[in-house]
1. Could you let me know the centre-to-centre spacing of the stretch A:4-57 and the stretch A:68-115, using Cα atoms, in angstrom?
2. Between A:Ser164 and A:Phe124, what is 0.36 nm times their sequence separation minus the Cα-Cα distance? Round to one decimal in nm.
3. Would you mind giving the mean number of other chain beta-carbons within 10 Å of the Cβ of each residue in B:145-152, as a whole number?
4. Counting GluC sites (Glu not before Pro) as exposed when in a DSSP loop with at most 12 other beta carbons within 10 Å, what is the longest stretch of chain B free of them?
5. Can you tell which of B:Ala88, B:Ala50, B:Ala217 shows the greatest fluctuation in a Gaussian network model of chain B with Cα springs below 10 Å?
6. Highest first, please rank the peptides A:162-170, A:121-129 by the mean number of other Cβ atoms sitting within 10 Å of their residues.
7. Counting other Cβ atoms within 10 Å, keep those with at most 16, restrict to DSSP loop, and tell me which trypsin sites (Lys or Arg not before Pro) in the stretch A:318-401 are left.
8. Write out the trypsin sites (Lys or Arg not before Pro) in the stretch B:51-82 meeting two conditions: DSSP loop, and at most 11 other Cβ atoms within 10 Å of their Cβ.
Amino acid sequence: MYKTLRWIRVGVALVTLLLFILAFTFVGRSIAGIYTITRFQFIPALISFLSGGAFVFIFFLILTLLFGRVYCSFFCPLGIMQDGVSKVASWFKSKKGRRYKYAKPHTALRVSVCILSFGVLAIFGARYFAWIDPYSNFGKIVTQLVDPLFIGVNNLLSNLFPASVFHRGPSALVWGSFAFGAAFCLLVVVMSAFRGRLYCNTICPVGTLLGYISKISLFKLAIDKKECIKCNACVNVCKSQCIDPSTGEVDESRCVVCLNCTTVCKKHGLKFVRRAKIGEDAENKEPLMKGRREAIGAVAGLGAVMVARGLQSNKAGDPEREISGIIPPGGVSLEHLKANCTACQACVEACPNRIISPAFGEYGVHNLMLPTIHYKRQFCGFNCNVCSNVCPNGALKPLTVEAKRKVQVGRVEFIAKNCIVFKHKTDCGACDEHCPTKAITMKEWKGKPGLYFPTVNPDMCIGCGGCEYVCPESPKAMVVRPLAVHGEAIPPKQDKQEKKVVDDFGF
Amino acid sequence: MKRRDFLRTALAGAVAGAVKIEGSTILAADKGASTETPNDLVAVMGGEPAELYKKGIEAMGGMKRFVKKGQKVVVKPNIGWDKTPEYAANTNPVLVSEIVKDCLAAGASEVVVFDHTCDEWEGCYKNSGIAEAAEKAGAKVAFAHDEKYYREVELPLAVKMKNPKIHEAIIDCDVWINVPILKNHGGAKMTISMKNYMGIVWDRGYLHRHNLQQCIADATTYEKRPVLNIVDAYRIMTQNGPKGKTTDDVQLAKAIFMSTDIVAVDTAATKFFSQYREMSLDNLPYLSMAQNVKVGTMDIDSLKVARIKL
């Protein structure tokens, strides 16, 4: 049975990893609904608890309370990635070098990091937690490091098969985000290459939290001491290094339920047992009681985090706050984004127009890698609402296309001295051409019949950036000024015209 | 490399010369034979897109007049905007489909359809209905969203835009057919056949920066002229063009215009448009600019014109 279970674990993990890699590269854009998987993650479910994440969150909580840290081996893409790295690294190790040894827990470190991280999440919102959330950092690694590789391969293919594979422009690389992604990736790769799940058991706050909750799980993996012949086979395959051969105990706070130990034990001595049963058999019940206290503390702490977040959720933003990048539609305000965005980069990757990139300074030095829009390579599609619908955290609230067409993410400013019509007295109208709401209209220049110049109505502007992107002049005559708190644009004018019937050719 | 370029240019020049001589003899012969002369300009009104096209091409002398067996053909519609057909922002997909089928029936070895779009290209290709219609009709839909698909050409007759990069499909084809839709335009005043050339150019901003009207005229001086211009005026956009806001901007005109003369067909279409909304030809300097370098004529009466009502 455990062999089957272990294969199920490997299968689920591989599917999870594959889907997450696809979602965070350009491939994801052509797979309908793939971003739904991002909702099936612990931190997004926690953050969006009140806006749709409750079901998933409770599912993970119950799963942990039943069997321990199943999440870490089955559903965490960062954890699965580390298993992959460990596996590959083992191919380069001697038979002896492949063996894991028991290691003592770094309790003080992991508990401090965990309390600090969740404390920061509760008090300062998601924006700093973004640096340590396993799901979001996996997203950063893939968008910053893997997507460019995929694009390179795509473009090689587009040279070989020009009629069927199209050329893609470079991905939204921002050096700061790239450096962060690369550094984090290096840390995790090195740790997992040498020490299995060390990262998950010393740094990852989600790992620690779930680990402590696991201390009261209904079932736990334990060694049947009557069967055990102390061969150490289980210890040697335990990538969490949590099986202590001297006591025969499995540290469930570090066990990620990979089930490798259960299949190597020739005596079938490692299995799930009811915790209550262990309690009955044990001569000394004290460690069990201690575990219960810690677990209750962990659950209570988690509850406190959620209450604190709930209390903060109504904070209004400061409309006067100066920002130099546009908050994607559905982002409501910088305040809302800060509180809820863990910078997973799902919206960055999902945007078909490739205009969203991780902020590095646009929102100040405290809000790094949150999504921001620039109109350098494209503008925001009038028919598109993709970004707001892929956010698993509700940091970008889901919008219908109709609703998105009214959201004002920025306001246009017309800088007449840069405008071609005024500079050269020749026709242009590129801005007017692209404006979907006709916040820009062309007016005839008095005294210059036939020459039309643009005028703007910023109240009608939704900030889509069509005008800014297409303005052929440099510096631009049309610039969209970002709003730190999104507004609502007044509806476009209704230009009813009589339907005419013409019966002549006119020439 | 330089020598190869020289040889290639020389060869292309020789071929172009040969084709031109051949073309001119045919034209001369046509002018002599008064009864069998095909029309220079055809206008049809009062039908559905496929019907309009069939009557029109018949009056033009049939597709075989323009497309010869084995030729590589490009059909260049306007696919500028991420809009569905009822908004009249893009060429009617039914018309594109009919033209593609007709080219293949005339013996074309392949038909390629593309446009350098304004909105994000995948949305335009899809929602215009043109990619699907063209593919179903047997055409290849070419990518045009990246500079990689464009090559520099020389326009000796141009005043401003002398060395634009234009789409490889146009450079590599034997003949191409220009299939715009009739719309008003906030910048260029009208967008018809000549303005549709912007979709074969990579750097659209260049035209805006260097006198839009002149650059549109310059573009049409590219040596490989469309063998036929077919103006879709089934639905026309009379206000808020070229993108439009709602279907309020659209008039159901149920017409089509065809001509070998790009200036003439745009002149005719503008006059037709004026019946819906006043539009003086003086507002379109690109017409006279092109006429001055003999790309075509604004004098419709000097041509053999057929006006057909269904």
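Where a number appears in this text, it was derived from the coordinates with a stated rule and is not lab data. Predicted model, so just to flag it, every value in this text is computed and none were measured. As a convention, Cβ positions derive from the backbone with ideal geometry for all residues, glycine included, and neighbour counts pool all protein chains shown.
1. 21
2. 9.6 nm
3. 3
4. B:155-277
5. Maximum among the listed residues: B:Ala50.
6. A:121-129, A:162-170
7. Working: sites: A:Arg321, A:Lys338, A:Arg354, A:Lys376, A:Arg377; in loops: A:Arg321, A:Arg354, A:Lys376, A:Arg377.
Answer by residue number: A:Arg321, A:Lys376, A:Arg377.
8. Values: sites: B:Lys54, B:Lys55, B:Lys64, B:Arg65, B:Lys68, B:Lys69, B:Lys72; in loops: B:Lys68, B:Lys69.
Answer by residue number: B:Lys69.
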